[in-house]
1. For an R0 of 41 angstrom, estimate the FRET efficiency from the Cβ-Cβ distance between residue 59 and residue 19 and round to the nearest 0.05.
2. List the relative contact order of region 62-284 as a percent without decimals, with contacts defined as Cα pairs under 8 Å and 6+ residues apart.
3. Using the basic label-point model (7 angstrom from Cα toward the beta carbon), what is the residue 276 to residue 51 distance in nanometres?
4. Which FRET efficiency value, to the nearest 0.05, do you get for residue 76 and residue 190 by plugging their Cβ-Cβ distance into 1/(1 + (r/R0)^6) with R0 = 30 Å?
5. Please work out how much length the chain gains when fully extended from residue 6 to residue 179, using 0.36 nm per residue of separation minus the C-alpha to C-alpha distance, in nm with one decimal.
6. What is the list of residues in region 138-173 whose amide nitrogen lies under 16 Å from a point 7 angstrom out from the Cα of residue 117, following Cα to Cβ?
7. Which of the peptides 16-23, 258-265, 169-176 is most tightly packed, and how do the rest follow, going by the mean number of other Cβ atoms within 10 Å of each residue?
8. Pulled fully out, how much extra length does the chain show between residue 106 and residue 134, if you take 0.36 nm times their separation in residues and subtract their Cα-Cα distance?
């Protein structure tokens with residue numbers, strides 16, 4: 001028993017300390033910065049507690065409006081990604097057979113390339129002289145390049161959907177692989193057709209993976225700033241771009257921290273509402 005406890009703490013402490021040092025402490029530090037009235041004073045001294053930054057966020061309706069718009073974009077991206085990645089995961093789990101390993105490697109190929117390169121590839125495709133405009137011009141379907149394909153939130157949404165599909169397919173695939181194949185045989189013996197088997201067995205039992213994929217896409221997309229910066233331009237900016245500007249260009253860390261904490265609070269509220277509406281314990285059983 002003593003040896004087991006030592007082994008437990010040896011395995012448990014390093015990741016716990018790592019999580020505390022590089023996740024919890026930065027969040028707490030950002031939360032402390034959000035209560036600074038200005039940028040004067042040392043890092044841990046020389047400033048007083050103030051709610052001025054939160055008052056500035058509340059007073060500027062543009063910040064909250066952009067946060068709501070970013071949440072809507074993240075919701076749309078998450079829903080579309082789940083819908084598109086589910087058939088992919090279903091094919092790998094049910095029909096791939098012995099070739100599933102090969103197909104899974106193909107699915108993981110995007111992980112081997114830079115995120116920046118993948119986003120830039122879509123910028124090349126959607127640009128005025130990109131692939132889509134070049135094909136349309138060659139087919140004489142348009143007379144001039146379409147400017148609406150790039151530097152807007154539609155381009156941001158399309159690019160994010162492409163980026164997240166391989167990620168979202170993995171938890172759905174894991175949930176589908178946990179389903180006992182004998183369940184389908186029993187359902188077939190009882191006269192259930194394939195569509196009925198999918199609606200009554202496959203889909204309900206795979207819901208944990210679906211919800212995991214949805215939240216895995218939604219949470220980081222709310223604060224996304226790289227993709228809007230590259231393919232969205234000024235017309236496709238999201239809430240994360242405003243935070244980035246305050247931390248980099250404006251060097252206003254207190255206001256940037258307040259904006260970040262507001263986004264964190266809204267995301268946590270959304271997660272709490274989701275857990276209240278959906279009984280995750282029953283889904284995970």
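Values in this text are rule-based calculations from the coordinates and carry no lab data. Remember, predicted model here, so these are calculated numbers, not experimental data. Don't worry about glycine lacking a Cβ; one is built from the backbone with ideal geometry, like all the others, and counts go over all protein chains shown.
1. Approximately 0.70, to the nearest 0.05.
2. Computed over region 62-284, the figure is 28 percent.
3. Computed distance between label sites residue 276 and residue 51 equals 2.2 nm.
4. Once the sixth-power term is evaluated, E becomes 0.20.
5. Extending this stretch completely gives an extra 58.7 nm.
6. Only 163 pass the distance filter.
7. 169-176, 258-265, 16-23
8. Additional length available on full extension: 7.3 nm.
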